[in-house]
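Reading through the structure tokens given below for one structure.
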Amino acid sequence: MTYFRLAVPPISGVFRPRMLALCLLLAAAAFLAFCSVVAVGDYPITLPEVVQALAGVGDPGTLLIVRELRLPRALAGLLVGLAFGVSGALFQTMARNPMASPDVIGLTQGSGTAVVAAITLGWTGGLSVQAIGLLGGLATALLVYALAWKRGTTGYRIILVGIGVSWICTSATDWLIARGGLFQAQAAVGWLVGSLNGRDWNAVLPLALACAVLLPCALLLGRQLRTLQLGDDVAAGLGTRVQLVRFGVLLAGVGLIAFGTAAGGPIAFVALAAPQIAQRLAGAAWPPALASGLTGALVVLAADLTGARLIPNMELPVGIVTGVLGAPVLLWLLIRANRAGSGG
């Protein structure tokens, strides 16, 4: 089940300039997509006007449209993509398997089941959608971790257990939608598709705070994960506390995916595809966390922009666009795994 080269690449040397250049290029592309999302709408705004409005310069009408009406949606897309990309990179590196994505091993489905239960049954307990999604993701992660534990955990067991748990959560979600009322079912299905429509500051602020806390932790843990590419025994011999690092990665990855899912819904394939794209652009032996996050942000924003402009007078949810684009990536990974003799 090992798809990455089992060698820890040098941190310094020729890899650092390429990685720095890649991150700067991805950041510039994500910013351009971010401004384009803000510019699109019934009242068109040019990109220079968007940049000026972000800086607080412009006429009052443009400032109102940009900063109050469109900026929350664009920020939600940026942060959701960033969270999904980093989380996917952490799990894929930890398991040494490109299929170990949060939306494959059940974490996204667990958050979704918790939110759908709150919508259809009204069991919010005074909690916000973000809090409910976080609790659902944490509960699912602990369940997967406990079921995969046998004198420690391995990436292979986490993937197998996670796939089973994801199907349980999917079935539970379908049952909840089937027994819910028409209004609740429509709201749940609309959220499950994955959409940034109607996102306001109440949806953005919790995600922004979560990213401010969890992203630095995730990037620090990503450095520890590099030694795990040599295998658990070798990593332990080098002084890495394997199970502690793996558990910390699990918490950081679950937090990012849960808050991202609560803010934008379970947007398909971003956590799966973004790390693989970043890994190949960087020429690295593992998915780089920061580049994966920037790639995820670019993918979500570009998909949101495509959904808004692809069909006249019709706005497609971002989850539909990423699903159409991500399905070929999943098929390619499966074909590659089969050719490598590790596809089962």
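Laboratory data are not the source of any read-out in this text; all were calculated from the coordinates shown. Note that the coordinates shown come from a computational prediction; the quantities given were computed from them, not determined experimentally. Backbone-built Cβ (ideal geometry, glycine too); neighbour counts: all protein chains shown.
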Once you put a point 7 Å from the Cα of Leu24 and another 7 Å from the Cα of Asn202, both along the Cβ direction, what distance in nm separates them?
4.2
What is the distance, in nm, between label points placed 7 Å from the Cα along the Cα-to-Cβ direction at Tyr43 and at Leu127?
3.9
Between Leu90, Leu256, Leu25, find the one with the highest GNM mean-square fluctuation for the chain; connect C-alpha pairs within less than 10 Å.
Leu25
Under a plain spin-label model, where a point goes 7 Å from the Cα along Cα-to-Cβ, how far apart in nm are Val193 and Ala236?
4.9
Projecting the Cα atoms of Gly237, Ile168, Cys217 onto the charge dipole of region 15-339, where Lys and Arg contribute +1 and Asp and Glu -1 at Cβ, the residue farthest towards the positive end is Gly237
To the nearest 10 degrees, the tilt of helix 129-148 (Cα long axis) against the first principal axis of the alpha carbons of the chain is 10
Take every Cα pair under 8 Å in region 187-344 that's 6+ residues apart, average their separations, divide by the length, and report that relative contact order as a whole percent.
27
Magnitude of the charge dipole, region 15-339, Cβ model with Lys/Arg +1 and Asp/Glu -1, debye to 20
1140
Hey, what's the per residue convex hull volume over the C-alpha atoms of region 28-126, in cubic angstrom?
163
Let me have the 222 nm mean residue ellipticity of the chain computed from DSSP H runs of 4+ only, each contributing -39500 (n - 2.57), with the sum over all residues rounded to the nearest 500.
-24000 deg cm²/dmol
Length-normalised contact order of the chain in % [C-alpha pairs under 8 Å, at least 6 apart]
31
Given 15 as the ceiling on other Cβ atoms within 10 Å, longest exposed-site-free region of the chain for trypsin sites (Lys or Arg not before Pro) in DSSP loops:
6-149
Which residue, Ile311, Gly88, Leu127, has the largest displacement toward the positive end of the dipole of region 15-339 when charges sit on each Cβ (Lys, Arg +1; Asp, Glu -1)?
Gly88
